[in-house]
Amino acid sequence: MDAVIFAASFALVSAVPFSLVGLFDRRIRLSMVLLCALLLGLDDLVTGLASAVPALAVFGGGWNWSGKVYSLVLSVVVILALRIDRHAIGLTFKQRSTSLSVLAVLGFIIWGSALGLIFQPGAADPETLIFQVTMPGLAEELVYRGLVPAVLLGALWGRALPQGNYWPVIVGTAIAFGLWHSLGYAKGEFRFDAMSGLFPFIGSLAGGWLRFRTGSLLVPVLGHGLANLAFHVVGGLAGQS
């Protein structure tokens with residue numbers, strides 16, 4: 001029940017930043033704000049299904065492999081149901097600036113390494129490294145840097161992504177992403193940890209800008225995964241020294 005309550009609450013909370021940035025971007029309609037809030041609530045719910053119902057943890061392991069797979073499946077279903085063009089989401093390997101893409105990925109690695117040195121998470125086992133370099137980047141970037149921006153801007157039913165200033169959408173999704181990491185609910189109580197959401201928020205601003213600047217989700221996905229990997233590798237080594 002806690003998972004349902006949090007998912008519904010997060011859907012309501014995420015509608016707030018989307019509504020606020022909509023004041024600065026007339027392309028963002030209330031109907032799309034509500035649809036995005038619903039999508040994020042559902043994404044949180046399916047991501048937490050394996051933890052709430054152990055029988056649904058079909059992939060096992062110490063990390064939430066099943067939840068991330070369910071998130072990916074939900075995204076694919078939504079993309080197909082709303083007939084969202086892959087270019088509107090950024091599902092292409094083509095880069096508008098290869099040099100920028102390479103530098104950006106290196107920047108994410110440096111960012112993750114710096115955070116690892118600061119927080120020193122301890123030595124990571126192979127499963128942790130494999131999970132962190134793959135699943136969060138794939139599932140979360142597809143939702144927050146691909147699907148939600150496209151829906152907010154009304155790129156449904158095969159329509160192309162409208163041109164113009166994308167910063168209101170980037171900021172709105174970054175706030176929602178930060179809140180998702182900051183908020184929690186258990187045993188009838190909500191919690192809020194600002195530090196847990198601060199760094200995802202900052203990374204989300206960079207990832208969102210790069211998604212539109214490069215025209216692709218490739219850099220956000222690679223950057224997210226490699227930053228996570230660097231965080232655990234560098235942080236683990238720092239903790240041992």
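The values are calculated or read from the model by the stated rules, or taken from the named source; none is laboratory data. What you see is a predicted model, and the numbers here were worked out from it, not measured in a lab. Cβ sites come from the backbone with ideal geometry, for glycine too, and all protein chains shown count toward neighbours. With ligands, DNA and RNA removed, areas are computed over all heavy atoms of the protein, side chains included. Shrake-Rupley method; radii C 1.70, N 1.55, O 1.52, S 1.80 Å.
A cut-off of 5 Å between modelled amide H atoms, ignoring neighbours fewer than 5 places along the same chain, links residue 185 with 191.
Taking label positions 7 Å along the Cα-Cβ direction at both residue 76 and residue 4, the computed distance is 2.8 nm, reported to one decimal.
Considering only 215, 188, 158, the Gaussian network model of the chain with Cα springs below 10 Å gives its largest mean-square fluctuation to 188.
Each label point was placed 7 Å from the Cα along the Cα-to-Cβ direction; for residue 129 and residue 163 their separation is 4.6 nm. Estimated at 0.36 nm per residue, the fully extended path between residue 238 and residue 195 surpasses their Cα-Cα distance by 13.4 nm. Taking amide H positions as modeled 1.01 Å from N, with prolines and chain starts lacking one, the residues under 5 Å from residue 92 and 5 or more places away or on another chain are 217, 218. Taking amide H positions as modeled 1.01 Å from N, with prolines and chain starts lacking one, the residues under 5 Å from residue 59 and 5 or more places away or on another chain are 66. Packing order of peptides 139-148, 126-135, highest average first: 139-148, 126-135 (average count of other Cβ atoms within 10 Å over each peptide's residues). Extending 7 Å from the Cα toward the beta-carbon at both residue 52 and residue 20 defines two label points whose distance is 2.7 nm. The three principal axes of the Cα atoms in the chain give end-to-end lengths of 53, 48, 31 Å, sorted in falling order. Check each of the trypsin sites (Lys or Arg not before Pro) in the stretch 59-98 and keep only those in coil by DSSP with at most 13 other C-beta atoms within 10 angstrom; list them in order. Filter output for the stretch 59-98: 83, 94, 96. Put the Cα centre of the stretch 196-232 next to the Cα centre of the stretch 34-110 and the gap is 13 Å.
Comparing 12, 218, 103, which has the greatest mean-square fluctuation in the GNM of the chain with Cα pairs linked when under 10 Å apart? Answer for the Gaussian network model of the chain: 103.
Excluding ligands, DNA and RNA, the accessible surface per residue across the chain is 48 Å² with a 1.4 Å probe.
Given a 1.4 Å probe and every protein chain left where it sits, what share in percent of the accessible area of the chain is carbon and sulfur? Before the final figure, lay out the partial values.
Values: 8320 of 11680 Å².
Summing carbon and sulfur atoms, their accessible area is 71 percent of the total for the chain.
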